Amino acid sequence: MKRDLLISILESASPGKHEDYGESGEDKLGEMVYKCLQGRKYLIVMDDIWDIEAWNDIQRSFPKECKGSKVMLTSQLPVQPASVPCVPHCLNPLPKSCTWELLQKKVFGKKQCPPELVDIGEQIAKKRKGLPLAVVAIAGILATEDKTLDVWEKVAKNLSSIIAKNQEGCMEILELSYNHLPLHLKACFLYIGGHPEDFEIPVCELIWL
């Protein structure tokens with residue numbers, strides 16, 4: 001993990017160089033990153049960090065005297081570690097208007113949504129609860145379906161089963177989150193996934209399962 005990150009940074013910071021990093025250990029690669037970035041203004045983006053140890057291992061490879069340089073971490077972790085000296089920016093769900101706008105763009109591109117599909121489209125977007133990945137997932141399905149009211153109404157009524165059938169588009173979104181759940185929560189996730197969307201699940205049933 002650390003080694004891959006260091007090599008990725010080196011390749012991004014020095015795109016013109018074609019070096020073979022195969023024989024270099026992590027310490028050597030960290031030193032190379034430090035020298036490569038020293039004296040330069042840089043922006044490092046580490047996306048979707050699940051284990052804060054990845055940051056703890058790599059942070060010393062970034063020169064601290066480079067004014068204006070920034071390192072941005074994105075994560076689904078709810079707690080900010082003490083080793084990250086910053087105030088986290090927590091993202092809120094998309095507002096209703098933005099959710100519908102995103103769905104339209106993903107389905108129709110630069111074209112306008114037909115008027116007869118606006119109401120049902122807004123209903124579909126609302127059910128995604130402001131989650132961009134969920135909007136993109138259902139938009140990918142709608143983009144491949146006929147743009148008719150009957151089809152979109154069927155999609156709206158059967159969102160869970162339709163998404164489940166669209167393995168390629170949705171499993172990629174779910175897989176990373178699922179893989180990082182503890183074992184007991186993986187089972188709970190699968191049990192809940194077996195119920196219809198917006199279905200009220202009795203607690204006693206989940207306990208029994």
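The values are calculated or read from the model by the stated rules, or taken from the named source; none is laboratory data. Predicted model, so just to flag it, every value in this text is computed and none were measured. Glycine gets a Cβ as well: all are built from the backbone with ideal geometry, and neighbour counts include every protein chain shown. Just the protein is used for accessible areas: all its heavy atoms, side chains included, with ligands, DNA and RNA removed. Shrake-Rupley method; radii C 1.70, N 1.55, O 1.52, S 1.80 Å.
A few notes on this one:
- Candidate set from the range 65-79 (those that are at pLDDT below 80 and either of a type in the set (Asp, Glu) or over 18 Å from the mean Cα position of the chain (by Cα) (or both)); member that is surrounded by the most Cβ atoms within 10 Å (Cβ to Cβ): Cys66
- Out of Ser24, Ser61, sole residue that is among the small types (Gly, Ala, Ser), at pLDDT 85 or above and surrounded by 14 or more Cβ atoms within 10 Å (Cβ to Cβ): Ser61
- Residue pairs meeting the criteria (Cβ under 7 Å; at least 6 apart or on separate chains; first within 15 Å of Ile58 (Cβ to Cβ), in the range 30-45; second among the β-branched types (Val, Ile, Thr) and surrounded by 18 or more Cβ atoms within 10 Å (Cβ to Cβ)): Val33/Ile9; Ile44/Ile9
- Within the range 184-207, the residues that satisfy the criterion of being part of a helix (DSSP H, G or I) and among the aliphatic types (A, V, I, L, M) are Leu185, Ala187, Leu190, Ile192, Val203, Leu206, Ile207.
- Residue list for the range 109-147, restricted to those being more than 22 Å from Glu175 (Cβ to Cβ), of a type outside the set (D, E, K, R) and open to solvent by 30 Å² or more (accessible area, probe 1.4 Å): Gly109, Gln112, Pro114, Pro115, Val118, Gln123
- Residues of the range 82-132 satisfying the condition of being of a type in the set (Lys, Arg) and closer than 29 Å to Asp48 by Cβ: Lys96, Lys105, Lys106, Lys126, Lys127, Arg128, Lys129
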